[in-house]
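Worksheet: one structure, shown below.
Any read-out appearing in this document is the output of simple, stated calculations on the displayed coordinates, not a laboratory observation. Here the structure is a predicted model, which is why all the values come from computation and not from measurement. When we count neighbours, we look across all protein chains shown, and the Cβ atoms used for this are built from the backbone with ideal geometry, even at glycine.
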Amino acid sequence: MSSMESFYFGGEVLPVWSGACSCGSAGCGGRSYKYIREFVQRVCSCSSLMMSSVKVECVIKAGALIGEGPLWEESQQTLMFVDIAGQKIHRWRPTTNQSESVETEDFVSFVVPRVSGGYLAGMGRSIVAVEWSTQMMTSLVELDEEKPNNRLNDGKVDPRGRLLAGTMGREKRPAEVQRQQGSLFSVTSDLSVTKHLTQVDISNGMDWSLDQKTFFYIDSLSLTVDAFDYDSDSGRLGNRRVVYHLAEGEGLPDGMTVDADGRLWVAIYNGGRVLNIDPETGVCLQTVSLPVTKTTSCCFGGPDFSDLYVTSASLGLDQSERRKQPLAGGVFRVSGLGVKGRPSVSFSG
Ligand code: BGC
Ligand code: CA
């Protein structure tokens, strides 16, 4: 990336990246406008500029009901993900294209590796230890005991090895949920539980800034991506603010990941795309479109963490949508983005 300067357009001063653009369109002037893809389209129709080397392919035709929770397991060079309503945990190895699955007895909403071996998964309202080879599952803690209709949703391990996991109320149809029933919890290695937030609609994507001082969080029905100050010693959250707001009708923010440059990649459920957001400026830097509408979550993976894996759902599509989206429920690999992700952290217990 070369020099930054400002560009005055339509009353707005926008940052410009003076890079190489060979589109030749009038108004482009050989510059690639780094910020706001829509702006690039308006000025020089060279939107392909940022996207030209970006390739999207369906790598697992999983046909998942709600494909979710992708996680790259570096030590195994495998991609883990779950099918929440299909009640399965999947593990896929790109080099051999081999998949393995474990069935669960309840909705399974995330899976994370443990330092002590095996995995932790969110099942129903329980945090469960999963032994992959024997398929043995042992419930360790139950959350939201006073709310039997609730279930866990997204979960992720913080930079210090604590699990953060959220819940949601009963969902009549996808994204139609009993409101404000959910909470956000953390679970430490000794299995002590702290409730951080209440009145959550659909507890969803989470990740941390590079300096560990900010926690990014999505409650989907708020249509926002929020940030909190994060104290990684105590795990305490404070100073909630909005980083990015989706417009009504754009879809719901769902799962997310932070890349090695500290930027957010947010899957948009019912939006068929992943947004790359700069949390410092609140600007959407790039949009990656996928051939399915119910994009649910994403993570970076691959040998050098340069592939973005995106999960999707098929539950809730009608017959005609299903015909138009034969890959719904599949897992997609986006390559050529020019950014890398960070390794996932294992649960410290
Ligand atoms: C949940 C779904 C929900 C979707 C949209 C997912 O994380 O698991 O049940 O419909 O988000 O908010
Ligand atoms: Ca989710």
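Below is a table of values for the structure above.
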| quantity | calculated |
| --- | --- |
| Largest-first principal axis extents, alpha carbons of the chain, Å | 63, 43, 38 |
| Rounded to the nearest 20 debye, dipole of segment 230-344 from Cβ charges on Lys, Arg, Asp, Glu | 300 debye |
| Residue order, fewest to most beta carbons within 10 Å, for Cys298, Cys58 | Cys58, Cys298 |
| Cross-link table Lys88/Lys147; Lys61/Lys88; Lys55/Lys340; Lys61/Lys340, entries beyond 18 Å C-alpha to C-alpha | Lys88/Lys147; Lys61/Lys340 |
| Cα-Cα separations in segment 79-153 greater than 14 Å, expressed as whole percent | 59 percent |
| Cα-Cα pairs of segment 173-215 separated by more than 17 Å (percent) | 50 percent |
| Fewest-first ranking of Asp226, Asp207, using other Cβ atoms within 10 Å as the exposure measure | Asp226, Asp207 |
| Distance from segment 95-162 to segment 270-292 (C-alpha centre basis), Å | 28 Å |
| Relative packing of peptides 108-121, 174-187 - highest average C-beta neighbours within 10 Å first | 108-121, 174-187 |
| Helix-only [θ]222 nm of the chain, DSSP H runs n ≥ 4, -39500 (n - 2.57) each, per residue, nearest 500 | -1000 deg cm²/dmol |
| Inter-probe distance in nm under a simple model that places probes 7 Å from Cα toward Cβ, at Glu248 and Ser139 | 4.1 nm |
| Cα-based radius of gyration of segment 122-210 once divided by 2.2 N^0.38 Å, which approximates compact folds | 1.10 |
| Protection proxy ranking of 230-237, 87-94 - average other beta-carbon atoms within 10 Å, highest first | 87-94, 230-237 |
| Cβ-based charge dipole, segment 200-349, positive-most Cα from Gly272, Gly205, Phe228 | Gly272 |
| Overall Cα dimensions of segment 245-349, principal axis frame, Å, largest first | 41, 33, 30 |
| Highest-first arrangement of 311-318, 273-280, where packing means the average Cβ count within 10 Å | 311-318, 273-280 |
| Added length on full extension, which subtracts the Cα-Cα distance from 0.36 nm per residue, Ser75 to Thr194 | 39.9 nm |
| Computed lengthening from Gln180 to Glu103, 0.36 nm per intervening residue step minus Cα-Cα distance | 24.7 nm |
| Ranking of Lys172, Lys324, Lys294, Lys156 by count of other Cβ atoms within 10 Å, fewest first | Lys172, Lys324, Lys156, Lys294 |
